[in-house]
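What follows is one structure encoded as structure tokens, with my remarks underneath.
The values are calculated or read from the model by the stated rules, or taken from the named source; none is laboratory data. Fair warning: this is a prediction, and the values are worked out from it, not measured in the lab. Neighbour counts run over all protein chains shown; Cβ positions are idealised from the backbone, glycine included. Ligands, DNA and RNA are excluded from the accessible area calculation, which covers all protein heavy atoms including side chains. Shrake-Rupley method; radii C 1.70, N 1.55, O 1.52, S 1.80 Å.
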Amino acid sequence: AQSVTQLDSHVSVSEGTPVLLRCNYSSSYSPSLFWYVQHPNKGLQLLLKYTSAATLVKGINGFEAEFKKSETSFHLTKPSAHMSDAAEYFCVVSENTGFQKLVFGTGTRLLVSP
Amino acid sequence: SAVISQKPSRDICQRGTSLTIQCQVDSQVTMMFWYRQQPGQSLTLIATANQGSEATYESGFVIDKFPISRPNLTFSTLTVSNMSPEDSSIYLCSGSRGEVTDTQYFGPGTRLTVL
């Protein structure tokens with residue numbers, strides 16, 4: 001069975017400083033991995049996804065993530081935080097077993113201070 | 001990409017009543033999904049809805065409590081039946097072409113409060 005662990009429930013950064021949101025996964029098969037963002041009272045938006053191509057994945061709004069199989073990690077980074085990045089971020093795994101089923105992590109709330 | 005809308009966006013309901021949530025996609029999708037997000041929690045998959053077949057429910061969710069319809073490739077409904085305060089959550093639908101690597105596009109959610 002697949003699972004995702006988001007290591008931090010809250011991360012606080014100052015505007016202009018780097019962002020690191022940590023995610024570890026467990027999967028019996030070759031997984032697909034996603035990062036979604038949820039702004040208050042808004043739906044979920046896909047930031048980026050890994051699907052067994054390049055291990056360094058670039059997404060929208062300057063975010064990127066690196067798939068590290070040896071560490072079973074898929075951490076999300078951004079070089080410089082913006083106030084608009086404040087939101088809830090979900091790491092999500094889907095096993096490549098023939099049909100799609102997403103398993104969500106518990107989420108990390110990113111707080112950005114001026 | 002796909003744009004997904006949900007109705008209603010929010011509702012306040014009395015214990016024991018039922019509410020039907022509608023999910024509309026602006027393009028045809030193979031698979032539609034319904035999730036629950038309890039206050040302060042992550043998303044939990046309720047069921048997968050495919051056109052022309054019964055919905056597939058996850059452990060802990062049953063058809064009598066959460067009946068689902070999928071009449072065509074762009075529309076689905078979820079009914080929350082015989083509601084109790086524990087059903088107060090955000091309910092989200094999503095759609096995708098169904099391949100494991102495909103993106104799931106999410107609706108904005110329906111915020112349900114049961115008194």
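Details
- Relative contact order for chain A, counting Cα pairs under 8 Å that sit 6 or more residues apart, in percent: 37
- Potential extension, B:Glu58-B:Thr101 segment - 0.36 nm per residue separation minus Cα distance: 13.4 nm
- Given charges at beta-carbon only (K, R positive; D, E negative), |dipole| of the protein assembly as shown in Debye: 160
- The charge dipole of chain A, taken about its Cα centre with unit charges on the Cβ of Lys, Arg, Asp and Glu (plus for the first two, minus for the last two), comes to roughly 180 debye.
- Note: relative contact order over the range B:57-113, using C-alpha pairs below 8 Å and six or more positions apart, is 26 percent.
- Pair A:Leu56, B:Gln28: separation of 7 Å Cα→Cβ label points (nm): 4.1
- A/B buried area, accessible surface, summed, 1.4 Å probe, Å²: 1700
- 10 Å beta-carbon shell around A:Lys78, net charge (K/R +1, D/E -1): -2
- Legend: residue pairs A:Lys78/A:Lys101; A:Lys58/A:Lys78; B:Lys7/B:Lys65, Cα-Cα distance threshold 21 Å; pairs beyond threshold, A:Lys78/A:Lys101.
- Normalised by the number of residues in chain B, the average gap of Cα pairs under 8 Å and 6 or more apart makes the relative contact order 37 percent.
- Total charge dipole magnitude, the range B:1-98, about the Cα centre, Cβ charges on Lys, Arg, Asp, Glu only, Debye to nearest 20: 140
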